[in-house]
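The values are calculated or read from the model by the stated rules, or taken from the named source; none is laboratory data. Keep in mind that what you see is a predicted model, and the values were worked out from it rather than measured. FYI the Cβ positions are ideal-geometry reconstructions off the backbone, even for glycines, and counts take in every protein chain you see.
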Amino acid sequence: MLLVHAKGGPPLGHVLSRTAARAEVHLLALSALPPAVAGSARRLCASVVTPADGDRPDLVSLIVARAEAVGADAVLTFSEYAVVAVAEACEALGLKGAGSAAALARDKRLMRRTWRQHGLPQPEFRPVDTEADLHAAARALPGPLLLKAAWSAGSTAHRIIRSPHEVPAAWARSRAVMAESAQLGYAELHVAEADAHYVVEQIVTGTASGWFDEPGWGDYVSVEGVVTDGTFRPVCLSGRMPTVEPFTERASITPALLPEDAQDRIVDLARRAVDALGLRDCGTHTEIKLGADGRMWLIETAARFGGAMTVPQIEEVFGLDLVGMLVDHLLGRPAAWPERALTPARARGAAGSLVVLAVDGRGRAWPDRRLWDFRAVSADVPLSRGSRLSVVAESSLADGEVVPVYDPAAGANTMAALCLLSATDARTVLRDFETVVDALPRVLPAAQPQEVSA
């Protein structure tokens, strides 16, 4: 197995251990290995190659050459930013992969055009390549609007436009954030002009009321699944806490506490969305906005498993090693995918991942600067009986580092840490996360002026 690593996706440590249990792993690292897993990567992998920038003018050719050099029987990535390149490399090598349609699940312009051709529910939208395009779209679409970079991930470069006079500032800031993200390694690795492509869409009114039995849930869910030989196989649904403005994700919770009939309707829409894109062999992650009176709108589908801790959450709650199962499928072995999407009744407890941002439960900025210190959080935040909180080291600041100021345009780029919570049920995860969010600006140590300036 040639595993192509880049920024984003599930934690590399989790991916490597599960892949190495099923195959000889050769790692092609397009991004630097997180220090927390660099040592284990060299123990688990038969080879680790990090190409110099000058060695990869054509990323697909680089992947193909490395796959041929190690005799790879399969090539896989879990990073949004390498999905298209790996899919094209698999096509060239004659190996199983997402297929030639992978770009439809990456470029939000192509994705929305495809769904419109299939009559699927989604917000009204316009592709935009220039500020003039954005002005024209703002005149044509009912507001408020959301400007997105077509190839972004993690809610980066999102800007809300409430009136036409906000267009120039929104356009400038979104482009600046994309440039900053590229410097951090959070950018498309294969499509040269990706940073110039944008889409603007109508902001539809979502609600969790009528879908969930208790308050506190966000108004969208994700359907986690896989496509094998062109057939979509849903695995389960994950719920959310409300996003932080504009639409930055704060927490994912598995399972989503939905009635079975509601889950069936959501899964059916996800199936139609994935089928329309024509994917072949890959993980999938489909986000769906929930509205009043049972209305739904497609947000996006990815040709890879959900990022952050989605995959470890599913393994803990449902006992499914999605990474290992996908490796088996790509290598031609049988994998026991669920017959239908698993419901909360099948769950063994619940798990959730929390993105630590410097905002309170209402999305307001903390009144002062704080240092990240997981020891203080674990010692001073009261959790429910049986709940366990841990920190994902490779996705978090080291203890003692200053928590970044939350930037709405930068989204997840300004997160301080990623935490995993295990609990007896999903309601408890939600309530414990609310407790953690409220306590953070109180229990984290205050940053001194010299630490902030540094």
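Data overview
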| read-out | value |
| --- | --- |
| Pair list, Cβ < 9 Å and 6+ apart or interchain, from the range 60-82 residues that are under 13 Å from residue 97 (Cβ atoms) to residues that are of a type in the set (Asp, Glu) and at pLDDT below 95 | 82/188 |
| Flag for residue 70 being of a type outside the set (Gly, Ala, Ser) and under 22 Å from residue 8 (Cβ atoms) | no |
| Criterion (at pLDDT 95 or above and crowded, with 24+ Cβ neighbours inside 10 Å) met by exactly one of 83, 64 | 83 |
| Checking residue 361 against (1) farther than 21 Å from residue 216 by Cβ; (2) of a type outside the set (S, T, N, Q); (3) out of contact with any strand residue (DSSP E or B) (no Cβ under 8 Å at 6 or more places or on another chain), the condition it does not meet | (1) |
| Residue match in the range 205-222 (condition: under 26 Å from residue 6 (Cβ atoms), in contact with a Ser or Thr (Cβ under 7 Å, 6 or more places away or on another chain) and buried (at least 19 other Cβ atoms within 10 Å of the Cβ)) | yes |
| Total residues in the range 94-130, condition surrounded by 15 or more Cβ atoms within 10 Å (Cβ to Cβ), of a type in the set (Asp, Glu) and more than 23 Å from residue 205 (Cβ to Cβ) | 1 |
| Residue in the range 238-255 that is of a type in the set (Lys, Arg), surrounded by fewer than 19 Cβ atoms within 10 Å (Cβ to Cβ) and either in the same structural domain as residue 389 (by TED's automatic domain parsing) or out of contact with any helix residue (DSSP H, G or I) (no Cβ under 6 Å at 6 or more places or on another chain) (or both) present | no |
| Single residue of the range 25-61 satisfying the filter (modelled with pLDDT of 95 or more and in contact with an Asp or Glu (Cβ under 8 Å, 6 or more places away or on another chain)) that is nearest to residue 395 (Cα to Cα) | 46 |
| Residue match in the range 113-121 (condition: over 17 Å from residue 300 (Cβ atoms) and over 22 Å from the mean Cα position of the chain (by Cα)) | yes |
| Any hit, the range 133-149, residues being modelled with pLDDT under 95, under 21 Å from residue 301 (Cβ atoms), part of a strand (DSSP E or B) and in contact with a strand residue (DSSP E or B) (Cβ under 8 Å, 6 or more places away or on another chain) | yes |
| Within the range 205-227, tally of residues that are within 21 Å of the chain's Cα centre (by Cα) and either within 17 Å of residue 269 (Cα to Cα) or outside any loop (DSSP other than H, G, I, E, B) (or both) | 10 |
| The range 88-132, residues that are more than 29 Å from residue 73 (Cβ to Cβ), in a helix (DSSP H, G or I) and not polar (S, T, N, Q) | 108, 109, 110, 111, 112, 113, 115, 116, 131, 132 |
| Set 174, 155: member being in contact with a helix residue (DSSP H, G or I) (Cβ under 6 Å, 6 or more places away or on another chain), among the polar types (S, T, N, Q), surrounded by 15 or more Cβ atoms within 10 Å (Cβ to Cβ) and not assigned by TED's automatic domain parsing to the domain that holds residue 298 | 155 |
